[in-house]
Every structure is written in structure tokens, then in C-alpha cells.
Amino acid sequence: MEMFNDLQPITLPGVDPQQPLIIAGPCSAESEDQVLETARQLSADGVKVFRAGIWKPRTKPGGFEGVGLKGLPWMQQVKKETGMYTATEVATHEHVNAALDAGIDLLWIGARTAANPFAMQDIADALRGHEDVPVLVKNPVNPDLELWIGGIQRIYNAGIRKLGAIHRGFSAYGKHLYRNEPQWHIPVELHRRIPNITIVCDPSHMGGKRELIAPLSQQALDLGFDGLMIESHCDPD
């Protein structure tokens, strides 16, 4: 698409642009000790970008929905202690403001949020004036390429050019090998339409089982994906 011709690759100083971008860390920030211990282990393995969910959208109310604002200083401590970049998910105007105020380096937008044009526009409005912030948009829960592109376009229209996509698979009813079906042809088509967009694979949400992470990661890289977002924990079990 011609309108996306000026997208910039998502690169970070000190991170080799010739290697896949690896973003890793726990699904949720649970405690300061858990966040820091996970970050230390990942940093020792050479990971440069640390992810953790501060706010967690849940299918049903009553579950753990993240620690909220008190987790942001933990992310600041990760950066101070390890030198890693930090990344978290945002779903509202308030999330964007709080994350940027805390110095979070990279933002991503989750699958449930990406499916809601009103929410995407709210986030886009919050991002105006922050053109240097890299933003990744996960695919909507259902296999709707136009909705995915529309969400990306809203963020683009806010002036964000370090803009990419995360392929985390698509929901399907019933029992399947994968928690979210890969449907690889959809991100392949996204890349055909927007050739210069950064595309990252999330094998954790896609597979839902640790033994599937390696083969899904390899398949994504074989397809030319630019990186991986992998959930990691200091106590995996």
C-alpha cells in the first residue's frame, strides 16, 4: 500500500538489526522480584528487549488483570539494572500516557484491542506527538486482515512510523493443536500488501505449549519474519 511507503524498520540502538528482534519476558508482571529475576536471566542470555504485561485483558471478570501502575517502576528498575529496553501492552489512552511517562521504550496493542476500532483510535490519539515510539499491533482475535490493516492505519495516521505487526494466531472454536491457529497465509498477505512493515511472531500465544515455541519460531523465521516475542518466566512451571 502506497500510504505505508515511509514506514521505518523497528530498530533499537545497540540491537543488531541483522539479527531477529527478540522480545522476551513474563506474560504478566507479578512482583518486583519476579520481574527482575526474569530480566536478569534473559539479559545474561543476550536478550535486549524485556516485555511484561502491566495491564492484562481477561476474557471473564474476576481474574488477575495485572498489577497496574505499581509495576511500571519495576520496569524502570529492569532498565536501570540490566540496560534492557522495556515493552508493555497498552489498551487505553491512560495506559499510553502512563507507559510513556515511565519511559517504556516499545508499546504493543493486543489482539482484543486491535479488533475494536474505537479503542484503536483512542490509542492513536494518545500517541500523537510521540512519533519516535515504536508500536506493534497484534492481529485481531479473528482472521480479519482488513481489520488488522485498519488498526495499523489508525496508528500510522497518528504519525507513528516505527510501526509493526505481531502475528499471534487466530481463535478457533473447539480443540486444536494450537491455542491460536497460525493461518500463516494471513501475515504473508499482510507483508505482500505492506512490504516494508516489521512483522514479529508471538509463538507463545499461538502455540500455548512450551514444546511448540521452538518449531513455531523456526517456521516464522523461515517465512522471513523480523523477530519473535516469547513469553519467559524465572519459574516457567
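Brief remarks on what is shown
- Among residues that are open to solvent by less than 20 Å² (accessible area, probe 1.4 Å) and outside any helix (DSSP H, G or I), I166 is included.
- Note on segment 1-19: among residues that are outside any loop (DSSP other than H, G, I, E, B) and not aromatic (F, W, Y), the one that is surrounded by the fewest Cβ atoms within 10 Å (Cβ to Cβ) is E2.
- Filtered by the rule that a residue be open to solvent by 60 Å² or more (accessible area, probe 1.4 Å) and in contact (Cβ under 8 Å) with a residue 40 or more places away in the chain, segment 40-72 gives R40, Q41.
- Pairing each residue of segment 89-101 that is more than 15 Å from G71 (Cα to Cα) with any residue that is open to solvent by 20 Å² or more (accessible area, probe 1.4 Å) and aromatic (F, W, Y), provided the two are 6+ apart or on different chains, yields C-beta distances under 9 Å for A91/W55; T92/W55.
- Of all the residues in segment 182-211, those that are touching a residue at least 24 places away in the same chain (Cβ under 8 Å), out of contact with any helix residue (DSSP H, G or I) (no Cβ under 7 Å at 6 or more places or on another chain) and over 30 Å from R128 (Cα atoms) number 5.
- When residues of segment 181-237 are limited to those that are in contact with a Phe, Trp or Tyr (Cβ under 6 Å, 6 or more places away or on another chain) and farther than 25 Å from T11 by Cα, the one most open to solvent (accessible area, probe 1.4 Å): Q183
The values are calculated or read from the model by the stated rules, or taken from the named source; none is laboratory data. The model shown is predicted, which means the values in this text are computed figures rather than measured ones. Every residue, glycine among them, receives a Cβ derived from its backbone with ideal geometry; neighbour counts consider all protein chains shown. Accessible surface areas use protein heavy atoms only, side chains included; no ligands, DNA or RNA. Shrake-Rupley method; radii C 1.70, N 1.55, O 1.52, S 1.80 Å.
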